[in-house]
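> Here you go, one structure.
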Amino acid sequence: AALYCAADGVGAARLDPADGRVLWSRHGPAGDTPSVGVVSVSGGLVHTAVPGGKLRAYDPAKGEQVWDADLSPYLGAPFAAGDTLLLVSEDGTTEALDSATGVSLWRHPLTGHQRPDYALYDEGSGLAYAFEHSAYGSSTLVTAVDAATGHAAWQRRLDGMLTPVGTSDGALVLTSMNGDAQTVGLVRYDPERKSVARVALPFRMNEPEVVVGGDTAYLLAHGGTLVAVDTGPAGDGAVRWQLETAAGRTSAPVLATGNRLYFSAADGRLLAVDTERGTLLGQTSPRLRDGKLTYASALPAPVAAGRTVFGTAPDGSVFAVDGQDPAHW
């Protein structure tokens with residue numbers, strides 16, 4: 001019933017998804033750096049964060065601030081994990097805040113980690129995945145943490161410079177990088193069987209955005225190349241399809257019902273892809289400011305809700321389209 005956004009100079013805003021009306025917007029106190037794109041909804045509240053500044057929680061109905069917290073002792077922005085917000089301090093200690101109240105639920109270092117990063121949260125299991133590369137990138141320590149309690153469900157050191165990107169039937173899927181920070185493969189780790197399967201990509205990809213759905217990983221690289229790779233336990237890691245989308249710089253892709261994948265391009269286009277056939281179903285027109293391409297440091301991913309898809313463009317606009325009919329966008 002609501003769409004939440006962040007923008008330059010706006011800490012948070014609530015829009016009516018039916019017609020795009022701004023129902024409320026809140027600016028941070030004077031002197032705050034705008035919290036562009038850092039907005040999450042958990043614990044029944046809307047949260048915005050400025051790394052090194054303030055974490056603020058707003059009531060979604062009226063936009064009134066409910067609580068705030070100082071982020072200066074922590075590295076980066078909070079990681080949303082269900083009804084918990086995870087923060088990592090300078091000494092590597094993880095602290096979990098109740099996203100509804102801001103109360104600390106637990107605080108302790110993760111065994112074996114010095115400064116972990118959180119890359120993934122699995123809603124089904126309630127596990128947040130922390131990872132940390134070794135000094136020379138030869139291995140990666142991965143820990144599955146129960147976000148509510150802080151207990152480690154499992155921990156494993158895996159060869160290579162890896163980053164968790166998704167889960168599939170209880171297994172963790174990670175990307176693998178070479179020494180030049182190019183993604184060259186995928187790794188599937190099954191914690192129950194303690195088995196590791198590695199898949200080489202057909203070519204190196206520069207900083208791809210990745211989303212996992214079922215037994216398939218979708219990798220969207222700079223330049224617009226979109227590749228679907230089989231990651232299933234019985235599969236051989238084959239490339240299911242490859243599509244050139246001609247989108248030079250993109251957001252992260254988003255999977256939705258009806259075999260749909262959506263992502264935004266730097267010129268404000270929203271693109272739709274059929275995940276079964278690997279075909280481009282449609283795209284919106286570019287959204288430029290005064291006819292010129294506007295640079296944005298980050299491109300927010302679209303939001304799919306029901307049959308509606310909400311997109312944003314670097315010109316600051318937000319728009320909604322019918323996800324069932326991308327051919328007429």
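The values are calculated or read from the model by the stated rules, or taken from the named source; none is laboratory data. Owing to the predicted nature of the structure, the values given are computational and were not obtained by experimental measurement. Ideal geometry is used to build each Cβ from the backbone, glycine not excepted, and the neighbour counts take in all protein chains shown.
> Mind listing just one residue for me: the one in the stretch 250-267 that is touching a strand residue (DSSP E or B) at 6+ places or on another chain (Cβ under 8 Å), in a loop (DSSP other than H, G, I, E, B) and under 30 Å from residue 292 (Cβ atoms) and, of those, modelled with the lowest pLDDT?
266
> Being among the β-branched types (Val, Ile, Thr) and closer than 20 Å to residue 56 by Cα is the filter; apply it to the stretch 91-148 and report the residue that is surrounded by the most Cβ atoms within 10 Å (Cβ to Cβ).
First pass over the stretch 91-148, keeping only residues among the β-branched types (Val, Ile, Thr): 93-94, 101, 103, 111, 140, 142-143, 145.
Checking the rest, the ones that are also closer than 20 Å to residue 56 by Cα come to 94, 101, 103.
Details: 94: 24, 101: 13, 103: 10.
The selected residue is 94.
> Sticking with this structure for a sec: For a quick check of your reading of the model, give me the residue pairs whose first member lies in the stretch 231-249 and is without any contact (Cβ under 8 Å) to a residue 24 or more places away in the chain and part of a strand (DSSP E or B), whose second is surrounded by 14 or more Cβ atoms within 10 Å (Cβ to Cβ) and not β-branched (Val, Ile, Thr), with beta-carbon atoms closer than 7 Å and at least 6 apart or on different chains.
Listed pairs, sorted by first residue: 244/224.
> Go through the stretch 59-81 and give me each residue that's of a type in the set (A, V, I, L, M), under 25 Å from residue 130 (Cβ atoms) and free of Cβ contacts under 8 Å to residues at least 24 places away in the same chain. Show your work before the answer.
First, pick out the residues of the stretch 59-81 that are of a type in the set (A, V, I, L, M): 61, 66, 69, 71, 75, 77, 80-81.
Next, only the ones that are under 25 Å from residue 130 (Cβ atoms) stay: 69, 71, 75, 77, 80-81.
The one that is of a type in the set (A, V, I, L, M), under 25 Å from residue 130 (Cβ atoms) and free of Cβ contacts under 8 Å to residues at least 24 places away in the same chain: 71.
> Here is a further query. When only residues in the stretch 281-300 that are surrounded by fewer than 19 Cβ atoms within 10 Å (Cβ to Cβ) and within 20 Å of the chain's Cα centre (by Cα) count, which is modelled with the lowest pLDDT?
297
> Would the stretch 316-328 turn up any residue that is on the phi > 0 side of the Ramachandran plot, loosely packed, with under 14 Cβ neighbours inside 10 Å, free of Cβ contacts under 8 Å to residues at least 60 places away in the same chain and in a loop (DSSP other than H, G, I, E, B)?
no
> Follow-up. With 56, 115 as the choices, which residue is among the basic types (Lys, Arg), part of a loop (DSSP other than H, G, I, E, B) and touching a residue at least 24 places away in the same chain (Cβ under 8 Å)? It would help to see each step written out before you state the result.
Working: 56 fails: part of a loop (DSSP other than H, G, I, E, B).
Among 56, 115, only 115 is among the basic types (Lys, Arg), part of a loop (DSSP other than H, G, I, E, B) and touching a residue at least 24 places away in the same chain (Cβ under 8 Å).
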